[in-house]
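Below you'll find the structure, written out as structure tokens, and then a few comments.
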Amino acid sequence: MDQDSHCTAEKELLEAVSRITTSSTTSPSDEEENQPKAEISCQVRKENPEKDDTQDSSATVSPNSSMTTKELQEYWRNEKRQCKQIKLLFEIPSTRIVEHHLSKYVMYKIIILQTGSFDSNKSVIERRYSDFERLHRNLLEEFSEEMEDVTFPKKTLTGNFTEEVINERKLAFKDYLRLLYSMKYIRRSKKFIDFLTRPELQEAYGCLRGGQYTKALEILLEVIGLQERLTRGNPAAIVPTLCAIVVCHKDLENPASAFEYGEQALSRLRVHTSHRYYMPLLETMITLAYELGKDFLTLQEKLEEWKTKKDPVRVFTLKELAVREYVR
């Protein structure tokens, strides 16, 4: 490509990025205002941006003429992805009755879909009435005002296992989750996210502690997609899960896969170097890079730089940190 064509390509990309950035600041239509508000990852920062701790720091990067064509193309792709409307849909298509020696309860199958995005993967979890009830009680403690008009299906003394009652609750729980997700502060709350992810994560970490790395990895890979959707805008939130995946792959002697997920974790900690996982992750990545014949000197430099800024304290290994997660 000659110099004139190269400049023209850069100019076109800059204009495209400018159009995307401008379009992200436009007001929502009347139709959108009448619907439950969905998360928009390309929202304009508030007047006090330091208070908005849920926004990805990468969103503050703006294009400039010093970027190469390749860098501009990557920036344009990222901006295009971030400006997609993010909305989760909750469906409860089926149930099953579980009977133990002294108990009997209904498990509700919840399918969580993301719309308005290139990502069409779905997450499937199961919860029982008492799980929903605990969530409702916890949310009332923290969001009493927001939860004022939210109704919850009441318990009945009899008929809990009839088809009529179960179907009514399926619809009620579907509407309940949809309503909770429509409220920004609730959908971002730890209590809501824990309801949707914690049981599976507890099981995965239990398998990890027991040396069942294949089973732990299977669960972690299932849950991380949902966890990432729920914590979008807070990139460091899924670092523990990514690091647990690194540990599983490493112990299963899959260094290439471990390194791949380790890179994802490091990218989310680029502005969070004080994070408790940062140093143990760097140490693990240096070992993996050396084993794979990759550049480990750059990682070593980052580690030495980190050590010069921090007081020498005992730091756990990556695996030691992982096995301590979700210990009851």
Practice problem: Using a cut-off of 15 Å between beta-carbons, work out the net charge of the residues near residue 191 (Lys and Arg +1, Asp and Glu -1, residue 191 not included). | Solution: +2
Quiz prompt | 154, 174, ranked by accessible area, largest first (probe 1.4 Å) | solution = 154, 174
Exercise. With no solvent and one equal point scatterer placed on each C-alpha of the range 179-328, evaluate the Debye formula and give log10 I(q)/I(0) for q = 0.11, 0.13, 0.21 Å⁻¹, two decimals.
Key: -0.44, -0.61, -1.35
Practice problem: Determine the alpha carbon to alpha carbon distance for each of 109/174; 154/190; 109/154; 109/191; 87/191 and list only those over 22 Å. | Solution: 154/190
Practice problem: Would you rank 185, 176 by solvent-accessible area, highest first, keeping every protein chain in place and using a 1.4 Å probe? | Solution: 185, 176
Quiz item: Which whole-number percent of Cα pairs in the range 109-205 have a distance greater than 23 Å?
Solution: 31
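Taking K and R as +1 and D and E as -1, what net charge do the other residues with C-beta under 12 Å from the C-beta of residue 139 add up to?
Its environment carries a net charge of -2.
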Quiz item: What is the distance in Å between the Cα centres of the range 253-328 and the range 92-106?
Solution: 42
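At 0.36 nm per residue, and after removing the present C-alpha to C-alpha distance, how many nm does the segment from residue 270 to residue 252 gain when stretched out fully?
3.8 nm
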Quiz prompt | Overall form of the range 220-291 per C-alpha gyration tensor (a/c, 1.5; a/b vs b/c) | solution = oblate
Quiz prompt | Lysine pairs in the range 200-328 with Cα atoms under 21 Å, if 8 or more residues apart or on separate chains | solution = 8
Exercise. Name the residues whose placed amide hydrogens come within less than 5 Å of the amide hydrogen of residue 110, ignoring near sequence neighbours (fewer than 5 apart) on the same chain.
Key: 125, 126, 127
Quiz prompt | Lys, Arg +1 and Asp, Glu -1 on Cβ, resulting dipole of the range 126-192 about Cα centre, debye, nearest 20 | solution = 340
Quiz item: Points 7 angstrom from Cα along the Cβ direction at residue 164 and residue 182: gap in nanometres?
Solution: 2.8
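The values are calculated or read from the model by the stated rules, or taken from the named source; none is laboratory data. Bear in mind that the values here come from a model prediction, so they are computed numbers and not experimental data. Cβ atoms come from the backbone with ideal geometry, glycine included; neighbour counts cover every protein chain shown. Just the protein is used for accessible areas: all its heavy atoms, side chains included, with ligands, DNA and RNA removed. Shrake-Rupley method; radii C 1.70, N 1.55, O 1.52, S 1.80 Å.
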